[in-house]
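Asker: Once you've had a glance at the structure underneath, I'll fire off some questions.
The values are calculated or read from the model by the stated rules, or taken from the named source; none is laboratory data. Here the structure is a predicted model, which means the values were calculated and not measured. Please note: Cβ atoms are built from the backbone with ideal geometry, for glycine as well, and neighbour counts cover all protein chains shown.
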Amino acid sequence: MDRKIAAKVRAQRWYLRFPRGVPVGIFLLVSAITALSVFANEKVEAERTAARHQQTADTIASEIERLANANAVYLRAGAALLSAQTEVNRRAFHKFAGELNNDETLRSGGAIAWAVLTEAADIPALEQSVRDAGDSRYTVHPAPTGKTALPVVYIEPDIPPNRAGVGFDMFSEPVRHAAIMRAIQTGEPIATGPISLQIRSTPQRTGFGIFIPVYMGPPDQRRVRGVIARGFDAQGFIEAALASEPLGGYGVALYDTPAPQPVALASVGPQSAGGRRIARTIKIADHPMSVEVSPPTSSTLSNLSLLTLLFGMLVAALLLVVARMITLQATEDRAALAWFEEQASIRNSLTRELNHRVKNTLANVLSLIALTRRRTGNIDDFVNGLIGRVRALSATHDLLTRSEWSTTQVRDVISAELAPFAQEADGVVAMRGPSVELAPNDALSLGLAIHELATNASKFGALSASDGRVEVNWEMITDKLARIEWAEHGGPPVPEIRHRGFGTELIEKVVAHELHNPVDLRFLPEGVRCTLIVPVRAPAAFQLRGQRTEAN
């Protein structure tokens, strides 16, 4: 099971190495999908908006053309009415003009005029007849330059701004003259290009006019009696045409197109750049004009795109959080697995170390038993000697256990072994030396040596006498070796001939072998002298694997 989990976690290393890669990748992917969706929505919305703009432009152009056609139809009806009368007088014309101006659907133009076609030589007679009819100041102006003239006789509404047009010769102005001649030739209403609607007054109002001829006589002998003319203020005309059609932010401009360059007649609403305008060509009384519609500008996204963007960002953020949590969990699982592997390795190392140390301890105990048996003659001495030596091992083991089998101070080892025999505070024992830490095995060997020396001193040496004392000094002789010196003073004299016991064998053979250095043990008359050379190893040379890992 552990192998399966380990294999599964190792398979995830490709994104454990980059813990932010998967969440960021998912966030970017969802963001890209959201952006594409918004782009598609905006494209569809742009097409829908463009179609709406086209439809609006068609509607606006139709409204303008409808109003112009309605006026043309009414003027045609007026021409037929006046053609049927034997005489066109002020009363008949006033009635016709009044009905035209009272129609709400046609109230979009300026003055309605009746102009009589007459020879230039007959101008004085015309002026006199109009004066006789009640207009005492009637005069044709400007003076005709051709053979014929078309002076205005009546004008409605008869108000001061329009009075200046009474008597005006329409043939004197080229634009009007051209449109009138076309109307006479075709018999249809004809519109002009841009003209000034006010005569001899300021400011001038720009617009256009519609003319239709009035005939007299039978169809086969008919001749032109005059012309009905109506002027249209371009601005008022376009506003009237769009009065029933809310612009909703659209801009509309009316242009006269037959000229080499289009001439602006009027505009309503905001005007955009030429590239965004929608142009429609219309005909007003057979005269081509252009309507340009400026769609409203919109810098924001559509509602659907805003919802898509908001929803996409929320989903992206949610997936980012979820992916990040999963990645963190995988990282924690990987760390937990590494910890378990480390613990298993430490456990195995501890087991091997414990087995090794148990074997060493058992070997030491077996050696102690064998040597003690060979050097004792009765069971009591054997038991007492063996118990003391095992206790020495135990005391040192306690020190190593408290230090977690790490390094142990030389002073602590010596104090532990001398504790059953004497205390340093009593003045019996003197210990001097720097702080030196020993490896576990070296501390055990030193503990055995000190125990044997202390046991011998308590039985036969300085610790057996009331005035005796023991000095233990140590120092570093190199950076890897420490020298420990044992010296006894004030004890019984050491006999020259003495029995060589187990302690001597233990120190000179076993301890010297374990410390990898010879032991100098001397039994001088004034007391025992012993010099031990103990290795001082770096902790990394004997630390357990787990402890090394923690230290790192």
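Asker: Considering region 108-147 alone, what residues qualify as being among the polar types (S, T, N, Q), over 60 Å from the mean Cα position of the chain (by Cα) and surrounded by 15 or more Cβ atoms within 10 Å (Cβ to Cβ)?
Answerer: Once the filter is applied, which keeps residues that are among the polar types (S, T, N, Q), over 60 Å from the mean Cα position of the chain (by Cα) and surrounded by 15 or more Cβ atoms within 10 Å (Cβ to Cβ), region 108-147 yields only T118.
Asker: Please pick out the residue among G249, G236, G226, G231 that is touching a residue at least 12 places away in the same chain (Cβ under 8 Å) and part of a loop (DSSP other than H, G, I, E, B). Write out each step before concluding.
Answerer: On the way: G236 fails: part of a loop (DSSP other than H, G, I, E, B); G226 fails: part of a loop (DSSP other than H, G, I, E, B); G231 fails: part of a loop (DSSP other than H, G, I, E, B).
Among G249, G236, G226, G231, only G249 is touching a residue at least 12 places away in the same chain (Cβ under 8 Å) and part of a loop (DSSP other than H, G, I, E, B).
Asker: Of (1) under 24 Å from R280 (Cβ atoms); (2) in contact with a strand residue (DSSP E or B) (Cβ under 7 Å, 6 or more places away or on another chain); (3) not in a strand (DSSP E or B), A183 satisfies all except one. Which?
Answerer: Among (1) under 24 Å from R280 (Cβ atoms); (2) in contact with a strand residue (DSSP E or B) (Cβ under 7 Å, 6 or more places away or on another chain); (3) not in a strand (DSSP E or B), the lone unmet condition for A183 is (1).
Asker: Please work out which residue is farthest from S290 (Cα to Cα), limiting yourself to region 157-178 and to residues that are in contact with a Gly (Cβ under 7 Å, 6 or more places away or on another chain) and either surrounded by 18 or more Cβ atoms within 10 Å (Cβ to Cβ) or charged (D, E, K, R) (or both).
Answerer: F171
Yes/no matrix, rows are residues, columns are (1) among the small types (G, A, S); (2) touching a Ser or Thr at 6+ places or on another chain (Cβ under 7 Å):
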{"residue": "V224", "(1), (2)": "no, no"}
{"residue": "A240", "(1), (2)": "yes, yes"}
{"residue": "G248", "(1), (2)": "yes, no"}
{"residue": "T257", "(1), (2)": "no, yes"}
{"residue": "V263", "(1), (2)": "no, no"}
{"residue": "R276", "(1), (2)": "no, yes"}
{"residue": "I284", "(1), (2)": "no, no"}
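Asker: Among the numbered criteria (1) of a type in the set (D, E); (2) at pLDDT 90 or above; (3) farther than 30 Å from P246 by Cα, which one does D135 miss?
Answerer: All conditions are met except number (2).
Asker: Answer yes or no as to whether R176 is at pLDDT 90 or above and basic (K, R).
Answerer: The answer is yes for R176.
Asker: Search region 154-178 for residues being touching a residue at least 60 places away in the same chain (Cβ under 8 Å) and not in a loop (DSSP other than H, G, I, E, B), and hand back the single one that is nearest to R225 (Cα to Cα).
Answerer: Only one residue tops the list, namely Y154.
Asker: Continuing with the same structure: Among all residue pairs at least 6 apart or on different chains, which show Cβ distances below 6 Å where the first residue, located in region 75-96, is closer than 19 Å to V166 by Cβ and the second is at pLDDT below 80 and not small (G, A, S)?
Answerer: Listed by first residue and then by second, the contacts come to G78/F96.
Asker: Right, here's the next one. With respect to H356, determine if the residue is over 24 Å from A454 (Cβ atoms) and at pLDDT below 70.
Answerer: yes
Asker: Restricting the search to region 253-297, which residues are touching a residue at least 40 places away in the same chain (Cβ under 8 Å) and in a loop (DSSP other than H, G, I, E, B)?
Answerer: P258, A259, A285, D286, P295, P296
Asker: Moving on to the next point. How many residues, within region 299-325, are more than 20 Å from the chain's Cα centre (by Cα) and touching a residue at least 24 places away in the same chain (Cβ under 8 Å)?
Answerer: 2
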